[in-house]
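Encoded as structure tokens, the structure appears first; notes follow it.
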Amino acid sequence: MPKKHYRKSHKVQQIAKARINFLFQHAKEVFKEDSKLSDKYVKIARRIAMKHKIKLGSSLKKRFCKHCHKYLVPGVNCRVRIHKHRLIYYCLSCKHYMRHPVK
């Protein structure tokens with residue numbers, strides 16, 4: 001007997017994407033006052049994306065650490081370098097590297 005595939009409605013996914021974008025914008029605004037609150041917003045946005053199976057775009061993926069899930073601001077809590085056609089993000093809190101290709 002084949003498995004049933006349940007799909008989320010298109011409207012629910014649009015609402016989830018809007019919430020994710022809102023949370024990342026809010027995390028950017030709040031970071032100067034309270035970095036822990038912006039980290040919490042990133043965790044909530046990731047949970048929403050995983051629950052609704054939404055792929056985060058490359059611009060959003062570069063805004064948080066994949067290891068410790070902190071909101072990254074270049075020059076403040078992360079270092080950004082270019083090496084061999086790659087953007088290398090170095091998180092200063094967990095000492096983890098993330099490599100993104102440059103087109």
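FYI, it's all coordinate maths here, none of it is from the lab. These figures come from a predicted structure and were not determined experimentally. When we count neighbours, we look across all protein chains shown, and the Cβ atoms used for this are built from the backbone with ideal geometry, even at glycine.
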Scanning the range 70-98 for residues that are in contact (Cβ under 8 Å) with a residue 24 or more places away in the chain and not aliphatic (A, V, I, L, M), which turns out surrounded by the fewest Cβ atoms within 10 Å (Cβ to Cβ)? Cys94
Could you please find all residues in the range 20-35 being loosely packed, with under 13 Cβ neighbours inside 10 Å and over 19 Å from His52 (Cβ atoms)? Glu29, Lys32, Glu33, Asp34
Taking the residues in the range 36-61 that are in contact with a strand residue (DSSP E or B) (Cβ under 8 Å, 6 or more places away or on another chain) and surrounded by fewer than 17 Cβ atoms within 10 Å (Cβ to Cβ) as candidates, determine which candidate is nearest to Cys91 (Cα to Cα). Lys61
Kindly list, by first and then second residue, each pair from a residue in the range 45-63 that is under 14 Å from Gln14 (Cα atoms) to a residue that is surrounded by fewer than 16 Cβ atoms within 10 Å (Cβ to Cβ) and hydrophobic (A, V, I, L, M, F, W, C), limited to pairs with Cβ atoms under 7 Å and residues at least 6 apart or on different chains. His52/Val12
